[in-house]
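One structure is given here, and the rest of the page talks about it.
Here, each number is a calculation from the coordinates, and none is a lab measurement. Since the structure is predicted, the reported quantities are computational estimates derived from the model, not experimental observations. Don't worry about glycine lacking a Cβ; one is built from the backbone with ideal geometry, like all the others, and counts go over all protein chains shown.
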Amino acid sequence: MSRSSSVAAQRGEGDGVVTRPGETGTEAPADVRERARAIPEAAVARLAVYLRVLSGMVEQGVTTISSEELAGAAGVNSAKLRKDLSYIGSYGTRGVGYDVEVLVSHIERILGLTRKHSVAVVGIGNLGHALANYGGFPSRGFPVAALFDIDPDLTGVPVGGIPVNHIDDITTVCAEREVSIGVIATPPQAAQAVCDRLVSAGVQCILNFAPVVLQVPDYVEVRKVDLAVEMQILSFHVARRADEAAGDVVNGIGVDGVVIRP
């Protein structure tokens, strides 16, 4: 993949296939790695949703689930769900459905969740504080291992029980704590320099909250979270529905069976 295709992936362009950078620790079996490489990125995102739903069902004591039930809980149609699950080699049993715990195990293995991934958060402003204090990361295999900020007054101050390090220490601290995922929560003008430091520290997966497109080597995976863009997408849907409603009124189409005449 070229640098331009890496940038395109951050913008949400294309339908790239998920590939995984090298990891330390126990490797997944070869067949699992081959399946993971063949899964479209959109399907990977849905697998994560299925896992969240299934984990909740395990907590409730549910042992089996049909494709229709799981699809409904995950907000997809059952045909798409069965296609997604076929990527991991799990087809269920006709008339019985899927064994919930077995399916959880399959998805966790494909998503690389059989080992923990230490996380570093860079930029301890409001968003960084929220991420550092979020208790859901460790329980899902993503313990926050390091925090960084450029403000010297924050150095040594604990946030979420972890002392903040100065940004100049990224390379050393990330290597010592075996950080595999970096989270960038800095102002946009600082994001690229932070990204470069993380990459030089050996971090190969980055979650970027800054509203910029990062330039990274081919082997580095970047996921971009731009809340403003998400709001703009929602704005589009609000406007479209308003236009459709206005068109219905003009055309005399009723609501709840009542015909509205212009």
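Describe numerically, in nm with one decimal, the distance between label points set 7 Å from Cα along Cα→Cβ at K83 and at R223.
With each label point 7 Å from Cα toward Cβ, the separation is 2.2 nm.
Return the FRET efficiency for the residue pair A193, V157: r is the Cβ-Cβ distance, R0 is 25 Å, and the value is rounded to the nearest 0.05.
Computed FRET efficiency for A193 and V157 comes out at 0.65.
Calculate, in nm to one decimal, what E68 and E176 gain on full extension: separation in residues at 0.36 nm each, minus their alpha carbon distance.
Answer, rounded to one decimal: 34.3 nm.
What is the order of V49, V216, fewest Cβ neighbours within 10 Å to most?
V49, V216
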